[in-house]
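Nothing in this text is a laboratory measurement; each read-out follows from the coordinates by a stated rule. Computed from a predicted model, the values in this text were never measured in an experiment. Reconstructed Cβ throughout: ideal geometry from the backbone, glycine too, with neighbour counts over all protein chains shown.
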Amino acid sequence: MINITEFKENLNLKEIPDELEKLIYFQNTISSFENYSQGFGILIDKKNGLKSWSTDENFLDKLFPFAQANGSGSFYAIWNDGTGKPLELMPVVVFGDEGGVHVVAENLLQLLHLLSYDTEISVDFDTAYFYKDDEDDESEDRMEYIKWLKETFHLNPIEKPDDLIKTAQEKYKAPFDQWIGQYITEY
């Protein structure tokens, strides 16, 4: 169960985006961690995952880790790209558990849309992508998530997640790579 107050304190924020608050409510009351999208769950980690990449305060201050991305330790973070946009409109990046950092969504709503694909994200040094096998089991509460996503944000399940990732990459990859290169030489 995620406590909203602790979640805000963990990210050093007074307010969190409406999309995150609604997702936390969904995870707390309708489904549970990893039961609505494979490998995904909102979490509080005190930026410990980020600190394994860099302890530079300028690095840590611009990233807001908020969720587990897969069952092996990758995680999602919102990147404050310095444009002054509200947090919910900032890009979402994934940090791979074995390396690789990639922009995967232009904003939180796009990430929520990606989650409807219901498979763990694969992250390596060169790319991040979703792969679903015909034999993959559907998450126990996937249909509840799909219903919630449609009712709350008017989104249908995504069929081609890589198209959404590609669009986010085209928009944010170059500035993100330039920014993160100041703190991490190999990512």
Limited to the stretch 115-156, what total is found for residues that are in a loop (DSSP other than H, G, I, E, B), exposed (fewer than 15 other Cβ atoms within 10 Å of the Cβ) and acidic (Asp, Glu)? 9
Filtered residue count, the stretch 133-154, keeping only those that are touching a Lys or Arg at 6+ places or on another chain (Cβ under 7 Å) and among the aliphatic types (A, V, I, L, M): 0
Looking at the stretch 113-153, which of its residues are in contact with a Pro (Cβ under 6 Å, 6 or more places away or on another chain) and either free of Cβ contacts under 8 Å to residues at least 24 places away in the same chain or closer than 21 Å to Gly49 by Cβ (or both)? Leu114, Phe130
List every residue pair whose Cβ atoms lie under 9 Å apart, where the two residues are 6 or more positions apart in sequence or sit on different chains, the first residue falls within the stretch 18-33 and is acidic (Asp, Glu), and the second residue, located anywhere, is assigned to a loop (DSSP other than H, G, I, E, B) and surrounded by 18 or more Cβ atoms within 10 Å (Cβ to Cβ). Glu19/Asn107
Return the pair list, or none, for Cβ contacts closer than 8 Å from residues in the stretch 69-85 that are without any contact (Cβ under 8 Å) to a residue 60 or more places away in the chain and of a type in the set (Phe, Trp, Tyr) to residues that are surrounded by 13 or more Cβ atoms within 10 Å (Cβ to Cβ) and in a loop (DSSP other than H, G, I, E, B), at least 6 apart or on different chains. Phe75/Leu43; Phe75/Asp45; Phe75/Ala69; Tyr76/Ala69
Condition (residue is over 27 Å from Tyr183 (Cα atoms), assigned to a loop (DSSP other than H, G, I, E, B) and in contact (Cβ under 8 Å) with a residue 24 or more places away in the chain) applied to the stretch 99-112: is it met by at least one residue? no
Quick one: would you say Phe176 is out of contact with any Cys (no Cβ under 9 Å at 6 or more places or on another chain), surrounded by 16 or more Cβ atoms within 10 Å (Cβ to Cβ), among the aromatic types (Phe, Trp, Tyr) and over 17 Å from Leu114 (Cα atoms)? yes
Ile165 being farther than 17 Å from Glu106 by Cα and surrounded by 12 or more Cβ atoms within 10 Å (Cβ to Cβ): no
